[in-house]
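The values are calculated or read from the model by the stated rules, or taken from the named source; none is laboratory data. Remember, predicted model here, so these are calculated numbers, not experimental data. With ideal geometry, Cβ positions are generated from the backbone for all residues, glycine too; neighbour counts draw on all protein chains shown. For accessibility, only protein heavy atoms count, side chains too; no ligands or nucleic acids. Shrake-Rupley method; radii C 1.70, N 1.55, O 1.52, S 1.80 Å.
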Amino acid sequence: MDYHIALVKGDGIGPEIVDNAVRVLEAVGRLCGHTFRFQSYLAGGCAIDQCGKPLPQETIDGCLASDSVLLGEVGGPKWDGLSGDQRPEKALLQLRSVLGLYTNLRPARIYSALKDACPLKRDTAEKGFDLMMVRELTGGIYFGQRGRREGKYGPEAYDTESYSVNEIKRIAKVAFETAKKRRKKLTSIDKANVLETSRLWRSVIHEMAVDYPDVDCSDMLVDNAAMQLIRDPAQFDVVVTTNMFGDILSDEASQITGSIGLLPSASLGETKRGMYEPIHGSAPDIAGTGKANPIATILSAAMMLRYSFDLERESHLIEEAVDAVLAAGWRTADLAGPGQNTLTGSQMTDKIIQEIENRF
Ligand code: NAD
């Protein structure tokens, strides 16, 4: 099969990590008989420099015409002084919106070879965890009405949260379906003891649970969830929550794995076309040094194969190769302990490709 992939490399370490992920996709394509065609587009700071705006129309058109989008990262100190709509990050929000990506999937798990990097208690790290955070991405308080006004005690600001039944249903469907394919456990996180949106959220989840009798579905208040993630993350399989709660909890979940350089993400909508990106930023402090860990982007490419192209076997091949390379003790600088030898991002990619070839 032929697949057209739009590459949005972005800023900082974006170009190097995306180039490494492309090499892995090309290797998988070569071995498994698929053709991946790549076309690069500008977004973020590099687009501001070359076109005067963070998201040129050509990038929007190119992403819409593609089968899927692989994204590096945008932003950096050079553009920090710009305001609102001019900032590189605006490109991401706009891309999610034009591509209709309302679901964000973020897997977080501990690699047994990296248990020492986990900041949790030793016995918790030993037990391990493997969870999938399903975050609603285009609704809630980040998209509600906001403003400034004169209040009872002087100037004040407000943001509003609203969710429609349809918005909750469509993200809940993704979560139930995801749970069905995993360990069949779903935790829905809300603040139903206080918020009306959460009470609606909870009632819709309960209604839908009837259609998924094989999924063990329960509710948890967000404050408790923040605590449970640190106390006993192994209790979670799939977690579904709102935009803001998901924003906060998914960062917490990623941090307890021990390394930001390993974690992929997928943003999905109604069609098969998704946007796949590592969860870390553009790491301007190490850009161009060869130190950037490409694994999060390589695993994002693996998610693309699974969710956009239904290439489960190929996706698994990449994930197994990453596991094996880490288990064999290979480390990039961010993963290495004191005195441990390190690989550059490109050398780490070579090891992963070698492992894929050996396993094929
Ligand atoms: P960051 O994630 O870029 O970096 C935090 C730390 O982690 C740095 O020390 C960095 O060197 C390290 N790091 C990150 N990714 C790494 C990798 N793959 N390998 C090795 N080390 C890695 O976060 P930050 O410094 O807060 O942000 C830098 C820029 O990135 C900012 O302009 C921010 O707005 C932007 N950003 C973009 C996105 C995105 O495009 N989705 C997300 C977050 C931050």
Is segment 187-196 home to any residue that is surrounded by 14 or more Cβ atoms within 10 Å (Cβ to Cβ), under 19 Å from the mean Cα position of the chain (by Cα), in the same structural domain as Gly246 (by TED's automatic domain parsing) and small (Gly, Ala, Ser)?
yes
The listed residue being more than 12 Å from the ligand (Cβ to nearest atom) and either surrounded by fewer than 23 Cβ atoms within 10 Å (Cβ to Cβ) or free of Cβ contacts under 8 Å to residues at least 12 places away in the same chain (or both), out of Gly76, Gly84
Gly84
Restricted to segment 236-270 and to residues being over 14 Å from the mean Cα position of the chain (by Cα) and of a type in the set (D, E, K, R), the residue modelled with the lowest pLDDT is Glu270
Odd one out for Phe245 among (1) outside the structural domain of Leu200 (by TED's automatic domain parsing); (2) away from the ligand (no atom under 15 Å from the Cβ)
(1)
Does at least one position in segment 241-259 carry a residue that is in contact with a His (Cβ under 8 Å, 6 or more places away or on another chain), assigned to a helix (DSSP H, G or I) and open to solvent by 30 Å² or more (accessible area, probe 1.4 Å)?
no
Would you say Ala157 is over 23 Å from Ile279 (Cβ atoms) and either open to solvent by 10 Å² or more (accessible area, probe 1.4 Å) or more than 23 Å from the chain's Cα centre (by Cα) (or both)?
yes
Looking at segment 30-55, which of the residues that are touching a Phe, Trp or Tyr at 6+ places or on another chain (Cβ under 7 Å) and within 15 Å of Glu73 (Cβ to Cβ) is most open to solvent (accessible area, probe 1.4 Å)?
Ile48
Pairs please, first residue from segment 168-197 and on the phi > 0 side of the Ramachandran plot, second anywhere and modelled with pLDDT of 95 or more and outside any helix (DSSP H, G or I), Cβ atoms under 9 Å, 6+ apart in sequence or on different chains.
Lys184/Tyr212; Lys184/Asp214; Lys184/Val215; Lys184/Asp216; Lys184/Asp237; Lys184/Val238
Candidate set: segment 323-347, residues that are in a helix (DSSP H, G or I) and free of Cβ contacts under 8 Å to residues at least 60 places away in the same chain; chosen: the one farthest from the ligand (Cβ to nearest atom):
Ala324
When residues of segment 148-202 are limited to those that are of a type in the set (Lys, Arg) and part of a helix (DSSP H, G or I), the one farthest from Met244 (Cα to Cα):
Lys180
Out of Met220, Met303, I need the residue that is at pLDDT 95 or above, in the same structural domain as Leu71 (by TED's automatic domain parsing), outside any loop (DSSP other than H, G, I, E, B) and open to solvent by less than 30 Å² (accessible area, probe 1.4 Å). Which one?
Met303
When only residues in segment 99-118 that are out of contact with any helix residue (DSSP H, G or I) (no Cβ under 7 Å at 6 or more places or on another chain) and part of a loop (DSSP other than H, G, I, E, B) count, which is nearest to Arg306 (Cα to Cα)?
Leu101
Quick check on Ser164: is it among the small types (Gly, Ala, Ser) and either in contact with an Asp or Glu (Cβ under 9 Å, 6 or more places away or on another chain) or more than 21 Å from Ser267 (Cα to Cα) (or both)?
no
State which residue is surrounded by the most Cβ atoms within 10 Å (Cβ to Cβ) when the search covers only segment 163-174 and only residues that are of a type outside the set (Phe, Trp, Tyr) and within 19 Å of Leu249 (Cβ to Cβ).
Ile171
What do you reckon, is Glu177 closer than 24 Å to Glu270 by Cα, open to solvent by 10 Å² or more (accessible area, probe 1.4 Å), out of contact with any Ser or Thr (no Cβ under 8 Å at 6 or more places or on another chain) and not polar (S, T, N, Q)?
yes
Kindly list the number of the only condition in (1) within 11 Å of the ligand (Cβ to nearest atom); (2) part of a loop (DSSP other than H, G, I, E, B); (3) at pLDDT 95 or above; (4) not β-branched (Val, Ile, Thr) that fails for Arg273.
(1)
Ile298 being more than 9 Å from the ligand (Cβ to nearest atom), touching a strand residue (DSSP E or B) at 6+ places or on another chain (Cβ under 9 Å) and either assigned by TED's automatic domain parsing to the domain that holds Lys173 or under 22 Å from Cys118 (Cβ atoms) (or both):
yes
Flag if Ser97 is open to solvent by 10 Å² or more (accessible area, probe 1.4 Å), away from the ligand (no atom under 16 Å from the Cβ) and of a type in the set (Ser, Thr, Tyr)
no
